[in-house]
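First up is the structure itself, then whatever we jot down about it.
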Amino acid sequence: MKNGANGKKKMHLLSFVQHGVINHAQLMWAHPRDKIGYDYARPPFWQEMGRILERGKFDAIFLADVLAPYDVYKDSYEDTVRYAVQCPVHDPVALVPVIGCATEKLGIGITISTTFDTPYGMVRRLSTLDHLTEGRLGWNVVTSYSQNEFKAMGLKEMVPHEERYERADEFIEVCNRLWDSWENDAIIADAETGIYADPTKVHRVEHNGKYYRCNSPSFVRFPAAAPSHLAGRSKRARARLCGQARGSGFLNSTDRQSHALLRRRLARPSGRSRSPPRRHQDHFRITGGGRRKS
Ligand SMILES: Cc1cc2nc3c(=O)[nH]c(=O)nc-3n(C[C@H](O)[C@H](O)[C@H](O)COP(=O)(O)O)c2cc1C
């Protein structure tokens, strides 16, 4: 909470849901008052939810996601399927325009893992969605934490924890460079001359890293904002990653060293950016554990 313009305490509200038959409360689908008259897989349910949240002054709706049915219990997915334990879960990305078109101010946060994607593809998808919602998109950056997701995606072994975050670190670095590849005034749109954009203001990103390669400018010009936020546990790698995030960040951590690392990261100016600074300490919230809150 923080003080608003009138000096009163101001609360931020975030709705935590999932694009599936339940959110996180098991057996909710069976409750007699659950989704009366609505089908979770169709637009009216999400549009109505968006409108209710906006009326209720929520800052944002946040869509959690996993990529495959859990199969830890009894080494099987049977009970997951039988009792709809976060199963089925539909793709959260598709809901962004659906909710966006029914609302005007509500932020829309989606969860996408960095582990099975490319930075170039991610930037194109997120930028497109951010344009469509006029800058209301948020990205919950996760690295995928369960074995079943890796098996589903065709990997024999789960990528080890440290490596996942090292990959994610590089992934976000490339994303940020792609988001900077169009200068703010690159688009001219002069119908007289037929010149739409100035190619000298659209820059190739040449990245030849440990995990990712890219040799192209972004295919979508820089959107209104390129926000990312983190929701995670007490890991230093996460603080490193969070320090690269733009727009807003959450570090859910009880580890003071992670907090200190994140503060140092945030204090550092992001020198290379061609666009006005979008990253600022004020936009970050560190939740849990540490005494000082920012
Ligand atoms: C509030 C909150 C929401 C989260 N949502 C997701 C999610 O939607 N999908 C996901 O794969 N992981 C999610 N996570 C898990 C984190 O990405 C992370 O894997 C987990 O907190 C364990 O931390 P570690 O990966 O640093 O060990 C969430 C964590 C928190 C605290």
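Determine, for each peptide in 107-119, 49-61, the mean count of other beta carbons within 10 angstrom over its residues, then list the peptides with the highest first.
Values: 107-119: 20.7, 49-61: 17.0.
Descending mean neighbour count gives 107-119, 49-61.
Between Ile36 and Cys101, what is the label-to-label distance in nm when each label sits 7 Å out along the Cα-to-Cβ direction?
Rounded to a tenth, the inter-label distance reads 2.8 nm.
Going 7 Å from the Cα of Trp29 along its beta-carbon direction, which residues of region 59-84 have the amide nitrogen within less than 14 Å of the resulting point?
Residues passing the 14 Å test: 69-70, 78-84.
Just to be sure I understand: if I project the alpha-carbon convex hull of region 19-72 onto a plane and average over all orientations, what area do I get in nm²?
4.8 nm²
Give me the log10 of I(q) over I(0) for region 86-150 at q = 0.11, 0.18 Å⁻¹, as the Debye formula computes it from C-alpha points; what are the numbers?
Scattering profile of region 86-150, log10 relative to I(0): -0.28, -0.71.
Taking the square root of 5 times each eigenvalue of the Cα gyration tensor, what semi-axes in Å does the equivalent ellipsoid of region 1-90 have, largest first?
Numbers: eigenvalues 197, 56, 23 Å².
They are 31, 17, 11 Å, listed from largest to smallest.
Figure the gain on full extension for Arg213 and Ile187 (residue separation times 0.36 nm, minus the Cα-Cα span) and round it to one decimal in nm.
Length gained between Arg213 and Ile187: 6.7 nm.
Sequence-distant or interchain residues sharing an amide H contact under 5 Å with Ala197, placed H: which?
Ile188, Ala189
Would you kindly state how much longer the chain becomes between Thr200 and Asp117 on full extension, computed as 0.36 nm times their sequence separation minus their alpha carbon distance, in nm to one decimal?
27.0 nm
Rounded to whole Å, give me the distance from the Cα center of region 130-205 to that of region 41-80.
The distance from the Cα centre of region 130-205 to that of region 41-80 comes to 24 Å.
Could you pull out the trypsin sites (Lys or Arg not before Pro) across region 95-151 that fall in loop regions by DSSP (anything but H, G, I, E, B) with no more than 14 other Cβ atoms inside 10 Å?
Lys105
None of the figures in this text is laboratory data; all of them are computed from the coordinates on show. Just so we're clear, the structure is a prediction, and the values are computed from it rather than from any experiment. In this analysis, Cβ positions are derived from the backbone assuming ideal geometry, glycine residues included, and neighbour counts consider all displayed protein chains.
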